[in-house]
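To start, the structure itself, in structure tokens.
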Amino acid sequence: MSTFLGMPAAREGAGPSPQAAPGTLSGIGRPEDPLHWGASFPDAAKAALENGQLRRNLGKATSTIRTKRARVVGEVPDWEALRDAGSAVKTDVLARLPELLEELERNVTARGGVVHWARDAVEANRIVADLVRAKGADEVVKVKSMATQEIGLNEALAEEGIAAVETDLAELIVQLADDMPSHILVPAIHRNRTEIRDIFLERMADAPPDLTDVPRELAMAARSHLRRKFLSAKVAISGANFAVADTGTLAVVESEGNGRMCLTLPETLITVMGIEKLIPTFDDLEVFLQLLPRSSTGERMNPYTSMWTGVTPGDGPQEFHLVLLDNGRTKVLADEAGRSALHCIRCSACLNVCPVYERVGGHAYGSVYPGPIGAILTPQLTGEKSDLPYASTLCGACYEVCPVKIDIPSILVELRAREVSLSGASPETADRVWKAAMKAASFAMADGGRFRRAARVPRLLRAISRNGVIRRLPFPGSLWTRSRDLMEPPQQTFHDWWAEREERR
Amino acid sequence: MTDARTEILSRIRTALGSDAPGPTAAGVVPREYRSAGEHAPGSDVVLALLVDRLEDYKAHVHQVPAADLPGLLADLLGRSAKSQVIGSSDYRSPDVLPTTRESATQESAGRGAVVVPAGLDPAWLSAADVDVHTDSRDAPMSAAELDQVDAVVTAARVAAAETGTIVLDGEPDQGRRAISLVPDVHVCMVRTDQVMQTVPEAVRLLGAEPARPLTWISGPSATSDIELERVEGVHGPRTLHVVLVS
């Protein structure tokens, strides 16, 4: 079957554009389903492309991080060998997932932790809310976690009267602005310093009134704001970057120390982790602790990595709960072609090199997992029909930088092929349309006079162009312009120009 | 109705096409990457590499023979006590924001306070003019008490030079995780023979006691969340002194 590589039609009944309105608050709010919200990708992308500020913020950020990453990866002589090992470890993990999960559970339990299993978001949220309520807490501190964002934990806790305070600076900015994150690693990448200052002044009660937009001052305001919460919090919630099956050790990789605060000071720690985040042995950490920081922030190592195994008497939380989350992961696992998306260690390198992401930003993807990896993961996790596999130029840059060698372009092509077969347009129909177009073309080209007359038709289009661009053609041209703009045709055809030139001579 | 655990494990087995419980085949992992560096732990090349990486992260590095340690600590701790805003909820200390308001008034706060883990050699702090608090798992200080302390002095378990990383594993000379987290200045002493070249060497050494709580530190607390501009010092210690002791 041939694969349609273009952009499909916009979804029926798509919601309003998710792009930020002028001003600091996004107007996005917190969507019902963090994996699938907002307008269709083509509509959202179109709106995003008109937002000059967003594109400037993104362009600066992604180019900075690309340069840093290339430099620190370049200084590792065995980088390709590390990628090969990382990829193979993840393949091994998925092949042995049941045994490794049971091994992890055994080792966490043996060290005083409690393991819970959650089939979906509702079940995971229920488990966490019950644990928090049992501690009598109405506020919890959180360290940024993709898994808890994916299940909408903060909103679920809010419904139970529990306030979840995000403590990562970028995540705090997003939370205060009632916004959605737009990048896996740098959730507020779409905001510049002035916007952030305005958000703090508007929404952070104890922000200094004379706060400037100097990043250092903004960070110190956040430090001051959060310190009281850290020192008094009874319960913390985290995600996990890695869980080691053979020791029961969990690892969180971070920069600011907010992770250490959450993982160390409260009495109770609840960690929510996707079932694919396992690695088999403690020594395997040597692979991923080299691959992850360089791929994500472009640093040789992130400032802080915390590792804990169950409960350590007298040091840190004395109660530890681990929630193992499925929420669609077993669906992804069942798909042999797309299974390797579960190798993802959420470094976000693929976002930073993606020409599509750089221009439309994370919100256009309508999911907590944006960018190339999100274009695979999101439709696989939800199992819904999606236009995200088309949100790519298939240039292959994402595969080049992926530290665990996920072949994102090939998976996207496979998913597109499935979308086409799902969409009802049969290959026979496409074939008929193609043949008709070719017949018309050969009719026009078979005769010089016909060809000259046909060549003048585009000039008529100048009537419907604005500022040199045609946004919408009448049917059947609308099929083309739905996902792209046309440049205005020239005033004169080549034929006419040639004729005029010959006349003048 | 099946419980979640049974159902998830069964879903996984179905997805993998191995419906029956039981071990599946382990995959082969190629390990062609470097498992050790070409330089010996503590060698001059490795130490120079660690210093370079740490300074790149804006950590302060000092190299002294063991005999000079008390003098250096007295100097570092005396300096930090004068420059920090003691016990304030407003964390704009003068060395972070030189132009802010409270720097003048807090300058004369007097003797500084330092926390040390119970297993640290007390002789090291003998020359320092500071109030020394001792913390242990049996007699822990509260988070609020730690917040009143200016600095912390600890030992370390191992360092990885290539990434500029120091690891603490909670043993008595390194202490509970909270003490190296809440105070604003961390003075961390690393013996030169503890400095490995690569991350795999450090991981394998730590793997002997993997259940200990581990804190990997690569420079002071930092954020790059605002326009990717790196700012040192958010929630953890904003100043990191690493003392390489030979």
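The values are calculated or read from the model by the stated rules, or taken from the named source; none is laboratory data. From a predicted model like this one, the values you see are computed outputs, not experimental measurements. Every residue, glycine among them, receives a Cβ derived from its backbone with ideal geometry; neighbour counts consider all protein chains shown. Each accessible area value is taken on the protein alone, full model and side chains, heavy atoms only, with ligands, DNA and RNA left out. Shrake-Rupley method; radii C 1.70, N 1.55, O 1.52, S 1.80 Å.
Just the ratio, please: alpha-carbon radius of gyration of the protein assembly as shown over 2.2 N^0.38 Å, N its number of residues.
The value comes to 1.05.
Work out, step by step, the length gained on full extension between A:ARG228 and A:SER478: first 0.36 nm times the residue separation, then minus their alpha carbon distance; give nm to one decimal.
84.3 nm
Accessible area per residue for chain B in Å², computed with a 1.4 Å probe and the full protein assembly in place, what is it?
Accessible area per residue: 40 Å².
Given A:LYS331/A:LYS405; A:LYS68/A:LYS144; A:LYS68/A:LYS385; A:LYS46/A:LYS142; A:LYS277/A:LYS331; A:LYS60/B:LYS58, which pairs have Cα atoms separated by over 27 Å?
Over 27 Å apart, Cα to Cα: A:LYS68/A:LYS385; A:LYS46/A:LYS142.
Please state the relative contact order of chain B as a whole percent: Cα pairs under 8 Å, 6+ residues apart? Spell out each step's value before the answer.
On the way: 455 pairs, mean separation 59.1, N = 246.
Worked out over chain B, it gives 24 percent.
Under a point spin-label approximation (7 Å from Cα along Cα-to-Cβ), what is the B:VAL64-B:SER35 distance to one decimal in nm?
Computed distance between label sites B:VAL64 and B:SER35 equals 3.9 nm.
Per residue, how many Å² of accessible area does segment A:207-266 show with a 1.4 Å probe?
Heavy-atom SASA per residue in segment A:207-266 reads 22 Å².
Compute the Cα gyration tensor for segment A:286-351, then decide on rounded, prolate or oblate, letting a ≥ b ≥ c be the square roots of its eigenvalues: rounded whenever a/c is under 1.5, prolate when a/b is larger than b/c in the other cases, and oblate in all that remain.
Details: a/c = 3.17, a/b = 1.24, b/c = 2.55.
Taking the square roots of the gyration eigenvalues as a ≥ b ≥ c, segment A:286-351 is oblate.
Specify whether the C-alpha gyration tensor of segment A:35-82 places it in the rounded, prolate or oblate class, a ≥ b ≥ c being the square roots of the eigenvalues: rounded for a/c under 1.5, otherwise prolate if a/b is larger than b/c and oblate if not.
oblate
Which of rounded, prolate, oblate describes segment A:135-249, given a ≥ b ≥ c as roots of the alpha-carbon gyration tensor eigenvalues and a/c under 1.5 marking rounded, otherwise prolate only if a/b is larger than b/c?
Taking the square roots of the gyration eigenvalues as a ≥ b ≥ c, segment A:135-249 is prolate.
Loop-only GluC sites (Glu not before Pro) in segment B:4-47, please: DSSP not H, G, I, E or B, and at most 16 other Cβ atoms within 10 Å. Working shown, then result.
Values: sites: B:GLU7, B:GLU32, B:GLU38; in loops: B:GLU32, B:GLU38.
Hits after loop and neighbour filter: B:GLU32, B:GLU38.
Total accessible area buried between chains B and A, 1.4 Å probe, in Å² to the nearest 100?
Answer for the B-A pair: about 7900 Å² buried.
Taking all protein chains together and a probe of 1.4 Å, list A:GLU166, A:GLU75, A:GLU400, B:GLU55 from the most accessible to the least accessible.
A:GLU400, B:GLU55, A:GLU75, A:GLU166
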